[in-house]
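First comes the structure, then the notes that go with it.
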Amino acid sequence: MATRSVTLTEAMEEFIASGVAKGRFSDANEAVLEGLGLLAAREDDDKSKLSWLRAAVQEGMDASARNEYTVLRSSQDIEELMETVHLEAVGEIAAKRKRG
């Protein structure tokens, strides 16, 4: 395993020392490794979210090109659409529960 030297802020050093004192971490190395693991997981999650978002945008663009979209001109239009989506979601959830 590689060895690195890092400079910590006083707040970070106090956080690590507190975690070690409370038994959350066995030492400063464990605290830093856990923090880096969480950062890597967050980056993976961000990549997944970005991929999903790009696919959703592409789906919307494709639907728009096929003239498959709804024009919402008022807050009432928005409320009606939201109610329709809500009822569809409730129906899908109920159907999944019936299937087991």
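For Cα extents along the principal axes in Å, the choices are [x] 40, 35, 23; [y] 40, 27, 25; [z] 58, 36, 30; which was calculated from the structure?
[z]
In whole Hz, with x marking every Gly and Pro, tabulate ³J(HN,Hα) for the range 24-29 from phi via Karplus 6.51 cos²θ - 1.76 cosθ + 1.60, θ = phi - 60°.
Values, residue by residue: 5, 10, 6, 6, 4, 4 Hz.
Taking the Cα-to-Cβ direction at L39 and at S74 and moving 7 Å from each Cα, how far apart do the two end points lie in nm?
In this crude label model, L39 to S74 measures out at 5.3 nm.
May I ask you to evaluate 6.51 cos²θ - 1.76 cosθ + 1.60, the Karplus curve with θ = phi - 60°, for each residue of the range 41-54 and list the ³J(HN,Hα) values in order in whole Hz, giving x for glycine and proline?
5, 5, 5, 4, 5, 4, 4, 5, 5, 5, 5, 4, 5, 4
Only the coordinates and a few stated rules stand behind these numbers; no lab work does. Remember, it's a predicted structure, so these values are computed and weren't measured experimentally. Counting neighbours? That spans all protein chains shown, and the Cβs are built from the backbone with ideal geometry, glycine included.
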